[in-house]
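The values are calculated or read from the model by the stated rules, or taken from the named source; none is laboratory data. This is a predicted model, so every value here is computed, not measured. Neighbour counts are summed over all protein chains in view; Cβ atoms, including those assigned to glycine, are modelled from backbone coordinates with ideal geometry.
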Amino acid sequence: MADVIPSVHGNLVECIEVDKKTVYVSLFDYAKGMLLADNGYSYKKGAPLSEYFYNTGKTLGAIHRLSKTYMPVHSRLDYFDKYDMEYLDRLILDEYSELKTAISRRLDEFHDLPKDKDCYGLVHFDYSDGNYHIDMDTGAITVFDFDNCLNCWYMFDLANLWIHNEGWTRQETNHVKRSALMQQCFDLQLQGYETETDIPKELLKKLPLFIDMVLIENIVDEFECCKREGQELDYEDIEDAAPCLIESIPYAGFGQN
């Protein structure tokens, strides 16, 4: 993870006023390496791509291992502080009533999940190749952009990894084969993850439910962005995720599989 740099006053965060608005500023070391996208989605020369998947899982496992012993001075939000149906009912337009019903049903299921220290804690909540750099000499990963951190199930970050494997498999147009390829990538990530920490097997079996949790986060983010910008949602922005929730379709990067 990229280290934080203290200010000239020795503070990790500085509060300043800009145009009569309060702004909190922090500074971090530049993460060594580069984005995978900036390298044309090519991994380090001469190394198999399987090493990359293994390393992404191992790095996430290290974050979760540290989270399990982390004692915060000031706690971040809990998952249900934001993903509350009363709030989501106001946020999501009434024309998406089927989607609201599908999300409400999933939230009921989430409430029944265990929340002990082995499965629930501070997570990155946006762990993807846009939020870490890779040292193309060593393969080492440096993670950044922890702005979305909140207390949630560790499985959320793992499910987010699973979903992002779609980018490596989109050349396969058959959804069954595509899902199998995504699972192969995930199995390598899980191997790396489990060298750092464990994930309860009973929750790992619920991976499809946590994939739905990530889809809900993606959908809510789209609605919130539109609200901030004063724009109307373009259904194309959620057309892959929404049908999966409404019709209980296993996600493989397509709305209608």
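Scan segment 240-249 and give yes if some residue there is free of Cβ contacts under 8 Å to residues at least 60 places away in the same chain, touching an Asp or Glu at 6+ places or on another chain (Cβ under 7 Å), surrounded by fewer than 17 Cβ atoms within 10 Å (Cβ to Cβ) and not hydrophobic (A, V, I, L, M, F, W, C), otherwise no.
Within segment 240-249, none of the residues are free of Cβ contacts under 8 Å to residues at least 60 places away in the same chain, touching an Asp or Glu at 6+ places or on another chain (Cβ under 7 Å), surrounded by fewer than 17 Cβ atoms within 10 Å (Cβ to Cβ) and not hydrophobic (A, V, I, L, M, F, W, C).
Assess whether residue 198 counts as being surrounded by fewer than 16 Cβ atoms within 10 Å (Cβ to Cβ) and either touching a Ser or Thr at 6+ places or on another chain (Cβ under 7 Å) or modelled with pLDDT of 95 or more (or both).
For residue 198, the condition - surrounded by fewer than 16 Cβ atoms within 10 Å (Cβ to Cβ) and either touching a Ser or Thr at 6+ places or on another chain (Cβ under 7 Å) or modelled with pLDDT of 95 or more (or both) - is met.
Taking interchain pairs and intrachain pairs at least six residues apart, which have beta carbon atoms under 7 angstrom, with the first residue in segment 1-27 and touching a residue at least 24 places away in the same chain (Cβ under 8 Å) and the second of a type in the set (S, T, N, Q)?
1/142; 2/142; 4/26
Name every residue in segment 42-61 that is touching a residue at least 24 places away in the same chain (Cβ under 8 Å) and in a loop (DSSP other than H, G, I, E, B), in order of residue number.
43, 44, 45, 47
Can residue 203 be described as under 24 Å from residue 52 (Cβ atoms) and over 16 Å from the mean Cα position of the chain (by Cα)?
No.
Could you grab me the full set of residues in segment 88-134 that are more than 25 Å from residue 246 (Cα to Cα), among the β-branched types (Val, Ile, Thr) and either in contact with a Gly (Cβ under 6 Å, 6 or more places away or on another chain) or surrounded by fewer than 16 Cβ atoms within 10 Å (Cβ to Cβ) (or both)?
134
Results for (1) under 22 Å from residue 184 (Cα atoms); (2) touching a Phe, Trp or Tyr at 6+ places or on another chain (Cβ under 8 Å); (3) basic (Lys, Arg), shown as yes or no for each residue.
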site: 59; (1), (2), (3): yes, yes, no
site: 69; (1), (2), (3): no, no, no
site: 110; (1), (2), (3): no, yes, no
site: 130; (1), (2), (3): yes, no, no
site: 149; (1), (2), (3): no, yes, no
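Could you look through segment 215-257, keep only residues that are outside any helix (DSSP H, G or I) and among the aliphatic types (A, V, I, L, M), and pick out the one that is nearest to residue 160 (Cα to Cα)?
252
Can you tell me how many residues within segment 148-173 are in a loop (DSSP other than H, G, I, E, B) and either within 9 Å of the chain's Cα centre (by Cα) or touching a residue at least 12 places away in the same chain (Cβ under 8 Å) (or both)?
So the count comes out to 4.
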